[in-house]
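One structure is given here, and the rest of the page talks about it.
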Amino acid sequence: MRIMTRRVAGLDAVGWNRQARTEVVEVFDTLAPEWHTRSSPQRTAVVLDAFERGLGGKTDNSHLAIEVGSGIGIYSALIADRYDCVLSVDVSAEMVRHAPAGPSYRVLADSGLLPIPDRSADAVIAINAFLFPHEVSRVLVVGGKLIWVNSSGEETPIHLSTEDVVAVLPFPVEGRESRAGAGTWCVLRRTG
Ligand SMILES: C[S@@+](CC[C@H](N)C(=O)[O-])C[C@H]1O[C@@H](n2cnc3c(N)ncnc32)[C@H](O)[C@@H]1O
């Protein structure tokens, strides 16, 4: 997953392709039935900390959030508390099948090709999920936020440092990063 994380982010040459997607779907389809065992109050606290200290109070531009790599939807309701409309996207049919209906809209799709128009998202939220920098750039409005959370910090299989995240984004950002327990997060606002 570490190698794939870097490939997807454009930090390694090979990139994301059909074969990579097939391999990733196979892994997560298999993990889906037991994914609920990875939920814990400590992990939820990392996400809540990113929202509370990274985002502050609910702001005007909190209409549409895209939750990429949403898995079985452990964090979808927390996101829906913050945003008027949440689209939760996952490429694994089994993950989507194990997720609850609502409060977010849930779709089976590839985060590398999000089913939404250009510049339509106020936030892209990636919790232990791959970062597709050019797709984030396509969908995120100026002023919108990228929220990047690694529940187990550097030990998270899908982990990138804030420096790496900022380096691969093809647009300028400002924001903050922090730690919460074992987890790490950054909230980056698009400035141009
Ligand atoms: C490590 S899990 C994290 C799930 C959830 N965010 C959590 O923290 O519980 C990564 C998720 O990303 C999904 N995923 C992997 N590649 C994806 C892609 N290209 N598009 C959408 N989802 C993807 C996997 O199917 C899996 O559900």
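Quick notes on this structure:
- Residue identified as more than 13 Å from the ligand (Cβ to nearest atom) and either under 20 Å from I74 (Cβ atoms) or open to solvent by less than 30 Å² (accessible area, probe 1.4 Å) (or both) among V142, V165: V165
- If you go through segment 180-192 and pick out every residue that is in a strand (DSSP E or B) and touching a strand residue (DSSP E or B) at 6+ places or on another chain (Cβ under 8 Å), you end up with 8.
The values are calculated or read from the model by the stated rules, or taken from the named source; none is laboratory data. Values in this document were obtained by computation on a predicted structure and should not be read as measured data. Every residue, glycine among them, receives a Cβ derived from its backbone with ideal geometry; neighbour counts consider all protein chains shown. Each accessible area value is taken on the protein alone, full model and side chains, heavy atoms only, with ligands, DNA and RNA left out. Shrake-Rupley method; radii C 1.70, N 1.55, O 1.52, S 1.80 Å.
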